[in-house]
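What follows draws every value from the coordinates through simple rules; no lab data is involved. Note that this is a predicted model, so its numbers are computed, not measured. Every residue, glycine among them, receives a Cβ derived from its backbone with ideal geometry; neighbour counts consider all protein chains shown.
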Amino acid sequence: MDANDKQKLSELIEFLKANGVREFESERDGEKIRLKFEGAEGADVSQLARLLASPGAGGKSPSVSMHVPAHTETGGAAVDEDAGLKPVKSPIVGTFYESSAPGAPAFVKVGDHVEVGTVLCIVEAMKLMNEIESDVAGEIVKLVATNGQPVEFGQTLYLVRPK
């Protein structure tokens, strides 16, 4: 990647940030660029700035792929909102349900306090309704899965703040 290409890429990133674009992918003349920004406030481009500042290998790079995490300004350090929370993960592949039947109240909601063994949800797999129980006592802080949508093995369903 020559200096002109680096400048163009830097300008593209600034444009995407300024316009709130979260993902961008482009392929032209055999070169592929994929950028993914996290967070509502745009991205921290320091990783990319270091990449662009470094001297190239002299040849064309066939692909650039970056995951650029956003950060919250607190003295320059990234803040992890989920620090200290315990994820409750799906033990199986299936469909996530918050309640026992359509229209029924959810087993738990954000703010509820749960004990080990409290039923949190159901994951349907092969027409079997599997109750998913909490493996930690604490407060439900976040519902991560979406009702009626597929979940994967090991996918986070809830975040719990342990007691």
**Message:** For the range 1-25, give me each residue that is of a type in the set (S, T, N, Q) and exposed (fewer than 11 other Cβ atoms within 10 Å of the Cβ).
**Reply:** Asn4, Asn19
**Request:** Kindly provide the set of residues from the range 145-154 that are surrounded by fewer than 16 Cβ atoms within 10 Å (Cβ to Cβ) and closer than 23 Å to Ala104 by Cβ, ordered by number.
**Result:** Thr146, Asn147, Gly148, Gln149, Pro150
**Message:** Filter the range 92-116 down to the residues that are among the aliphatic types (A, V, I, L, M), surrounded by 15 or more Cβ atoms within 10 Å (Cβ to Cβ) and closer than 13 Å to Ile140 by Cα and list them by number.
**Reply:** Ala106, Val108, Val114
